[in-house]
Amino acid sequence: MMSCGEIKDSLGAWLDQELDATAAAQVRAHLEGCAACLKEKERLEFLDAALKRVLESRSAGVAFESIWGAVERSIRKPAPWYQRLWDRIDIGLSPLRPAWVLSVAAVLSLGAFFLVRYLPEWSARNSFTFVESLDAHGANVALFRDSGSRTTVIWLFEPPEDQDEVSEEAPAASTGF
Amino acid sequence: MAKTGTIVELSDWELVQRCQQGQVSAFQELVSRHYQKVFVVVQGIVNHREDAMDIVQDTFLRVYRKISGFKGDSSFYTWVYRIAVNLAIDFKRQKKRAPMELAERGEGYDEPVEDPDRIGSDPGRDLQRKEIERRLLAAIADLTPDHKAVIVLRAIEGLSYKEISRLLGCSEGTVMSRLHYARKRLLEKLDSVI
């Protein structure tokens with residue numbers, strides 16, 4: 001036995017003929033004996049009729065020429081190359097949505113994670129080792145990076161004596177790590 | 001509009017096939033068949049006549065550009081509605097993100113249009129009807145674009161929940177709950193007049 005609250009929650013779907021036969025029969029039986037729910041059903045019917053009337057009356061009087069004229073001008077004008085390219089790529093069902101972008105980003109991130117996690121030989125292929133020198137405001141700095149072992153070694157060297165332009169931030173130690 | 005006797009008798013799918021062969025007059029016939037209903041749905045969502053005109057024009061332009069890829073998996077009007085509704089929803093979301101711009105442009109929502117044929121001899125009843133329409137439009141304007149889309153598609157087109165779910169790309173349960181919520185909100189706003 002459905003309560004009045006449950007019946008009221010189902011009335012819209014019942015009016016739309018979207019309830020299964022059992023639920024629809026329960027609603028119908030309840031309405032025969034419940035004035036409050038019957039009143040709610042009438043309000044819903046009134047609302048649906050008013051909605052249709054209001055929306056349709058506001059849209060009356062749109063001339064075909066006003067729509068077609070603009071569409072025809074646009075389709076006669078050749079689309080730029082990027083538009084044609086996009087039309088081929090885009091499936092045309094809906095514009096790009098933030099939710100889609102986030103989903104794609106999440107899938108790509110997961111893919112990258114599993115690639116690195118379970119295919120170490122793939123990431124090993126991309127390992128690199130190099131040494132570079134940097135000009136750090138007068139101090140000499142050299143970096144050694146090895147992505148395979150994820151190691152970075154930093155050398156700091158005393159500047160030559162004839163160069164007195166030393167940054168305040170340069171460490172005093174001759175070597176460091 | 002000049003129509004040939006042959007074209008007006010063709011089905012939507014036959015017209016689509018002619019469009020795919022480059023026949024613009026076939027597309028013109030398709031637009032003439034569907035523009036009014038598409039306009040009603042779009043205006044129901046964006047609640048602004050000029051914006052709705054722009055979106056409907058954009059919809060048919062997109063339809064034309066993509067029609068070569070249309071395989072007829074769904075009906076033509078469902079496909080057109082899907083594009084139109086998505087454009088309208090995205091438009092509303094963008095507008096919501098730029099309320100200041102909207103205010104600066106001095107734009108607002110359309111007021112109810114008085115249909116001369118519907119003016120009756122009972123001033124009291126006319127006044128009540130106008131009040132209901134005014135409140136109803138304000139209540140629709142307060143709904144989110146997703147809720148507007150389901151209630152408009154159901155009210156105007158009488159589409160089934162399954163059709164609406166396909167069109168909006170959501171589940172039938174979502175359609176049902178959005179419709180329930182939207183109707184409840186609209187009834188609350190009309191509480192004192194109906």
_Looking at (1) of a type in the set (Gly, Ala, Ser); (2) touching a residue at least 24 places away in the same chain (Cβ under 8 Å); (3) under 27 Å from B:Ser68 (Cα atoms), which one does A:Ala36 not meet, given that it meets all the others?_
(3)
*Could you pull out the residue among B:Val63, B:Val56, B:Val41 that is crowded, with 16+ Cβ neighbours inside 10 Å, closer than 15 Å to A:Ala63 by Cα, at the interface with chain A (Cβ under 10 Å from one of its Cβ atoms) and not polar (S, T, N, Q)?*
B:Val56
_Test: residue in the range A:31-47 that is under 18 Å from B:Val41 (Cβ atoms), aromatic (Phe, Trp, Tyr) and at the interface with chain B (Cβ under 10 Å from one of its Cβ atoms)_ = no
*Being under 18 Å from B:Arg93 (Cα atoms) and at the interface with chain A (Cβ under 9 Å from one of its Cβ atoms) is the filter here, so list the residues in the range B:126-161 that pass it.*
B:Ile140, B:Ile151, B:Val152
*Identify, please: which residue in the range B:163-174 is in a helix (DSSP H, G or I), more than 9 Å from every other protein chain (Cβ to nearest Cβ) and free of Cβ contacts under 8 Å to residues at least 40 places away in the same chain and is, among those, nearest to the chain's Cα centre (by Cα)?*
B:Ile164
*Could you tell me which of the residues B:Ser32, B:Ser25 is more than 9 Å from chain A (Cβ to nearest Cβ), on the phi < 0 side of the Ramachandran plot and hydroxyl-bearing (Ser, Thr, Tyr)?*
B:Ser25
*Find the residue count for the range A:1-28, including only residues that are surrounded by 11 or more Cβ atoms within 10 Å (Cβ to Cβ) and either among the charged types (D, E, K, R) or touching a residue at least 60 places away in the same chain (Cβ under 8 Å) (or both).*
6
*What number of residues in the range B:54-75 are under 19 Å from A:Glu72 (Cβ atoms) and in contact with a helix residue (DSSP H, G or I) (Cβ under 7 Å, 6 or more places away or on another chain)?*
14
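Only the coordinates and a few stated rules stand behind these numbers; no lab work does. Here the structure is a predicted model, which means the values were calculated and not measured. Glycine also receives a Cβ, built like all others from the backbone with ideal geometry; neighbour counts cover every protein chain displayed.
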